[in-house]
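The values are calculated or read from the model by the stated rules, or taken from the named source; none is laboratory data. Since this is a predicted model, take the numbers as computed values, not measurements. For neighbour counting, all protein chains shown are included, and Cβ atoms are generated from backbone atoms with ideal geometry for every residue, glycine included. Accessible surface is based on the protein model in full, side chains and every heavy atom, while ligands, DNA and RNA are left aside. Shrake-Rupley method; radii C 1.70, N 1.55, O 1.52, S 1.80 Å.
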Amino acid sequence: MKWINNSKWLGAWICIILAVVGTGLQPNAVHADTTGVTHATYGVEALNGLDTIHADAALSLNAAASTAITNGTDWKDTAGNPIQANSGNILKVGATYYWYGEHAENWKFEKVNVYTSTDLKNWSFRSSILTKDSAPELNSSKIERPKVIYNQTTGKYVLWAHYENGTDYSLGRVAVATSDTPDGTFAYQGSFRPLNYESRDMTVFTDTDGSGYLITASRKNGGANDTMAIFKLTDDYTGVQSFVGWIFENGYREAPAVVKKNNTYYLFTSQASGWYPNQGAYATASSMTGSWSALSPFGDPAAYGSQIHSIATITGSAGTSYIYMGDRWNPLNLSDHKFIWLPLILNDSSKTATLNWYSSWDLDAATGNVILPSLVNHAQGKTATANSVASGSPASLANDGNAQTSWKAASASWPAWWQVDLGSTKTISEVDISWFMYKGSEAYYKYKIEYSVDGVNYSTIDRTGNTSYGFTSDKVNFQARYVRMNLVNAVLFNNPNNWYTPTVHEVRLLGN
């Protein structure tokens, strides 16, 4: 893991300090390294106390950033092998973090692996704690979203997972295994339906009073995954004691993840859209038994091309930070899996959650400080135009800083274009686009990035080979005043005819 230092002029640094003072945010430390480059780090507890506007401002103030956590790339362990730990969770034991996750081959379960780290960035393979040979019913099965929790009373580590047979998703069970150590061989306890309710995408959560809960996508009104259910676990966490209640009735939510901050519980979920990304949402409550608030969206409408599987709580000497942990599935090739980790901002006063995209960022596990890149979104708020505009969906909504709004063309005619005038020539190093998708008819966009310094002569970056759904992030290196997105076509995976109207939620043009 190497550091990339970004030199700043004194005047720019003064502007940063003034901006920090303006938000009321105080850096934990400001210092110069041996090269004279100034750095600033911020405790996440301070960031969590800001409203969304101020948090966004504060999160962009760091004068240097680490590339230690790099999203959308192939992550490898310290031996140079690909990390195989999908849809799991992180558990801290002493000074060591244990990262659990599942490894499948040809759609079937192979093993649950565990990796260890002390800094959350360099991970060493420790062991396979459960394999297809651990029990006869695991030999041809699916084990998904494994989660490991610790029971202080029994001293056991308990693994829960979604269990299905090797051919379909008809069983709707949970599976349980236990171990005396966090990285030992887990003894398989079997699979079952909790109190005879169906259970598919699930998670388990231990409260501060020691109570354990199972939160799962279930069936109430006739449709698979139509409603989520909460169950209280037995005292030893190996079974289900009672049914707590239904939530998000007929909402077709899956991929639950729970985190508690102070006295507020946050429950994050995704929509049910197979392997395609979709709009994540969260609800809050003052108790695991509810009542839960209405769902609110977080991130962009594709959760930045990911699906949440857990939230890691990292407490250090300077505060506590929260990591959104997601899977980026490639619906066209499920073996092409990526990990997406992003800092999650939880606001106590407003009970809101904010998730922004960062291609690379850093976390100091010892202090709990988040360190973010000093890139600026040059597009936000600048003058935008388009070849056509639908009523109520002006071009300005695609660079207003809100991924829940969008520019929409006046008709379903392709190609179409959207353009922003940056006001002066800027250096752009990254282009992030949040694309429109329609649940059930998801599409990926074929597009071109066109840029110019004079508005007459344009250069082109051809992205018509794109097959990523919902969100794209392109590393670039160009100077321009005018940047145009040429929407060439949209390819619908389940419909050979493109009936989409050209629509973009948000364009971010990042640079120094």
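Structural remarks
- Check on L159, closer than 24 Å to F125 by Cα, open to solvent by less than 30 Å² (accessible area, probe 1.4 Å) and aliphatic (A, V, I, L, M): yes
- Considering the conditions (1) modelled with pLDDT of 95 or more; (2) within 24 Å of E198 (Cβ to Cβ), W107 is excluded by exactly one of them, (1).
- Residues of segment 449-464 satisfying the condition of being touching a Lys or Arg at 6+ places or on another chain (Cβ under 6 Å) and of a type in the set (D, E): E450, D462
- Residue within segment 385-402 that is closer than 19 Å to R484 by Cβ, at pLDDT 95 or above, of a type in the set (A, V, I, L, M) and part of a loop (DSSP other than H, G, I, E, B) present: yes
- In the condition set (1) open to solvent by 10 Å² or more (accessible area, probe 1.4 Å); (2) in the same structural domain as A302 (by the TED database); (3) of a type outside the set (K, R), G401 is compliant with all but (2).
- Residue pairs meeting the criteria (Cβ under 6 Å; at least 6 apart or on separate chains; first on the phi > 0 side of the Ramachandran plot, in segment 238-266; second of a type outside the set (S, T, N, Q) and modelled with pLDDT of 95 or more): G245/I230; F248/M228; N250/D226; Y252/D226; A255/D201; A255/I308
- Some residue of segment 274-281 being surrounded by fewer than 22 Cβ atoms within 10 Å (Cβ to Cβ), free of Cβ contacts under 8 Å to residues at least 60 places away in the same chain and closer than 21 Å to Y169 by Cβ: yes
- Against the list (1) open to solvent by less than 30 Å² (accessible area, probe 1.4 Å); (2) part of a loop (DSSP other than H, G, I, E, B), the condition N457 fails is (1).
- Meets criteria (open to solvent by 30 Å² or more (accessible area, probe 1.4 Å), assigned to a strand (DSSP E or B) and free of Cβ contacts under 8 Å to residues at least 24 places away in the same chain) for D421: no
- Exactly one residue among Y213, Y276, Y252, Y197 is among the aromatic types (F, W, Y) and under 17 Å from the mean Cα position of the chain (by Cα), and that residue is Y276.
- Count of segment 300-343 residues, restricted to those that are surrounded by fewer than 19 Cβ atoms within 10 Å (Cβ to Cβ), within 24 Å of S406 (Cβ to Cβ) and β-branched (V, I, T), is 0.
- Scanning segment 103-130 for residues that are among the basic types (K, R) and in a strand (DSSP E or B) yields K108, K111, R126.
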